[in-house]
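The structure appears right after this line, and notes come after that.
Rule-based calculations on the coordinates, nothing more; no lab input. It should be emphasised that the depicted structure is a prediction, and the values quoted were computed from it without experimental measurement. Cβ atoms come from the backbone with ideal geometry, glycine included; neighbour counts cover every protein chain shown.
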Amino acid sequence: MNILSFLYDKWSLPISKDIPEPTLSESNVSDVLVIGGGPAGTTFASTMRNHGWKVILLEKDHHPRFHIGESLLPMNLPILERLGVLEEVCQIGVPKMGADFTLGNSGSDYQTFHFSQALGESPDHAFEVRRAEFDNLLFRNCQRLGVIAREGTKVTGVQRLGDSHFLVQSVDAQGTRQEWKTRFLVDASGRDTFYAKLNGWKKRNPKHSSAAVFSHFKNVKRRPGDDAGNISIYWFDHGWIWMIPLQNNVMSIGAVCFPEHLRHRRGSLDEFLLKTLNGVSEARERIVGAELAMPAQATGNYSYLSSQMSGPGYLLVGDAFAFIDPVFSSGVYLAMDSAERGAQVAEAWLSGNQMRYWLAKRRYRRQTKRAISTFSWFIYRFTSPVMSFLMSNPRNVLKVVQAVISMLAGDVYANRDVSRRLVVFKTIYNVAWLMQWREAIQYRRLRRASVKLENST
């Protein structure tokens, strides 16, 4: 390892380098090994394979499998086109022209934000998809491209071999153990955060804490006309609710709240979710005559981050690095986008050019943190009374509404017009905060107390 590598990767893995080189078959040796076969892992694997590298992907489950997070953003579409699967996604998805937000927990008025109003050149629509179908589609595309993609194969350990290789251990559903040798390791394991947990890097987000209960319903009323596929967002006293229209008259519905609110529920998860929906009048109206299509499920604290993102020969992408809150449907987009950008880091490492690698890694870190930071600012404040007021009463001063729509579309990187106008929006938010300072301070105390309580348990 040369001096550049030492200086810029001084956080190298605390793993012994005195492991004997194993003798493995050619099929178990690769340029890149990806842990996880979700949107991040399959995007990374497909991108690297399209660039001529030998790629192995290991997924612990079998596709198709249920997964929450069914709403894509317009900026997903260029990525899907580059992967060669856009037409297939069109077949399984429901067109999503925008998002709507209710104007409080009473009445039936709502405000719709259409992607066609965004600044820049982002697509004017996205899709709502069943993740079982979507993730399976991406996984099979990997295999068509020549990725050695294994299902039902759980990674159990990782060891470093000298300065240039990793040894990965796995076990399949039959209990058969295997070893894999790779030059570059990618953790795309999602909320499993395999590598971050292995090295003690995973930390609860100190600024945000949330949990969710969700299910699929049939016969839920949809918005009229072209807005039938739009995601709907509702506020309630302890959090927010999503409604995501899917094919075959199915609606994904979930409630995100402070973890302690979910823990202190009475009754089953089904009862808790229905009670929450019935507490918001417009949501209650939409589920009249609806029925649960599956038992409700819950997930614990959504919010976490890793203290490390990359190092010599490894990279964390998507939810394996950080996850905040699904309120703006950013999860799948950020996962796939970070995978594409992360592929540049892998190629730089594999090239052996340390300066190229350092520049690529630095760019990846800066861009990833910028995207997360942009969404985070809104997410941390989304359920506050100030943000509720602004989203319910939009004023397109200096095109700030269009900038917010661009953010909702996933345009959070290079568009300076969007960035400048988001700064204006933050200024407007701060002024509104001063005007509603009593309610704002009360909410801030509630959120901080919730995060403190969750981090102490």
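Students often forget the sequence filter, so: which aspartates and glutamates lie under 12 Å Cα-Cα from K181 once same-chain residues fewer than 8 apart are removed?
K181 reaches E21, E26, D31.
Report the gain in length on full extension from A449 to Q174: 0.36 nm times residue separation, minus Cα-Cα distance, nm rounded to one decimal.
Here the answer is 94.4 nm.
Could you list, in their original order, any pairs among K96/K369; K203/K399; K54/K197; K54/K154 whose Cα atoms are separated by more than 31 Å?
From K96/K369; K203/K399; K54/K197; K54/K154, over 31 Å: K203/K399.
Output ³J(HN,Hα) for segment 57-73: one whole-Hz value per residue in order, computed from phi by the Karplus curve 6.51 cos²θ - 1.76 cosθ + 1.60 with θ = phi - 60°, and x for Gly and Pro.
So the Karplus estimates, Gly and Pro as x, are 10, 10, 10, 6, 9, 10, 7, x, 9, 5, 8, 7, x, 9, 9, 8, 10 Hz.
Roughly how many Å is it from the Cα centre of segment 148-213 to that of segment 275-330, as a whole number?
21 Å
In what order do R191, R223, R416, R421 fall by count of nearby beta-carbon atoms within 10 Å, going from fewest to most?
So the residues, fewest neighbours to most, are R416, R191, R223, R421.
Working from Cα positions, state the angle (0 to 90°, nearest 10) between the long axis of helix 131-145 and the longest principal axis of the chain.
Taking the Cα atoms of the chain, the angle to 131-145 is about 30 degrees.
Ratio of segment 386-456's C-alpha Rg to 2.2 N^0.38 Å, to two decimals?
Computed over Cα atoms of segment 386-456, the ratio equals 1.32.
Check S30: other-chain or 5+ apart residues with amide H under 5 Å from its amide H, H built from backbone geometry?
K181, T182, R183
Work out from phi, with θ = phi - 60° and the Karplus expression 6.51 cos²θ - 1.76 cosθ + 1.60, the ³J(HN,Hα) of each residue of segment 234-241, listed in order in whole Hz, and give x for Gly and Pro.
Per-residue couplings from phi come out as 10, 8, 9, 4, 10, x, 8, 10 Hz.
Would you mind calculating the gained length between T299 and N50 on full extension (0.36 nm times residue separation, minus the Cα-Cα distance), in nm to one decimal?
Taking T299 through N50 to full extension adds about 86.1 nm, to one decimal.
Working from Cα positions, state the angle (0 to 90°, nearest 10) between the long axis of helix 354-381 and the longest principal axis of the chain.
Rounded to the nearest ten degrees, it is 20.
For Q159 and Q308, what does the FRET efficiency come to when R0 = 22 Å and r is the distance between their Cβ atoms, rounded to the nearest 0.05? Write down the numbers at each step before the final one.
Details: r = 17 Å, r/R0 = 0.79.
According to the calculation, E is roughly 0.80.
What is the calculated FRET efficiency for D270 to E121, with r their C-beta to C-beta distance and R₀ = 51 Å, to the nearest 0.05?
Between D270 and E121 the formula returns 0.70.
Suppose a student asked you for the relative contact order of segment 143-283, using Cα pairs under 8 Å spaced at least 6 residues apart; what percent would you report?
On the way: 175 pairs, mean separation 20.9, N = 141.
It rounds to 15 percent for segment 143-283.
Using Cβ contacts closer than 10 Å as the measure, can you line up T193, T43 from fewest to most?
Ordered from fewest to most neighbouring Cβ atoms within 10 Å, T193, T43 come out as T193, T43.
What Kirkwood hydrodynamic radius, in Å, does the chain give when the mean of 1/r is taken over all pairs of distinct Cα atoms and then inverted?
In the chain this quantity evaluates to 23.0 Å.
Starting from the Cα-Cα distance between N353 and R284, subtract it from 0.36 nm times their residue separation and give me the gain in nm to one decimal.
Full-extension gain reported as 18.9 nm.
Compute the distance in nm between two label points, each set 7 Å from the Cα along the Cα-to-Cβ direction, one at R366 and one at C90.
Distance between the two pseudo-spin positions: 3.7 nm.
List F115, F389 from most exposed to least, where exposure is judged by having the fewest other Cβ atoms within 10 Å. The partial results should precede the final answer.
On the way: F115 24, F389 16.
Fewest to most other Cβ atoms nearby, the residues stand as F389, F115.
Short version: ³J(HN,Hα) in whole Hz for each residue of segment 154-160, in order, from phi by Karplus 6.51 cos²θ - 1.76 cosθ + 1.60 (θ = phi - 60°), x for Gly and Pro, what are they?
9, 6, 10, x, 9, 10, 8
Along the Cα→Cβ direction, 7 angstrom out, place labels at L292 and S392. What is the inter-label distance in nm?
Computed distance between label sites L292 and S392 equals 3.0 nm.
Go ahead and collect, in residue order, the members of segment 251-281 whose backbone nitrogen is under 19 Å from a label point 7 Å along the Cα-Cβ direction of D237.
What the label zone holds, given the 19 Å backbone N cut-off, is 255-268, 271-281.
In degrees from 0 to 90, rounded to the nearest 10, what is the angle of the helix 437-456 Cα long axis to the longest principal axis of the chain?
The angle comes out near 40 degrees.
At 7 Å along the Cα-to-beta-carbon direction for both R65 and E439, put a label point, then send me their distance in nm to one decimal.
It works out to 4.3 nm between the two label points.
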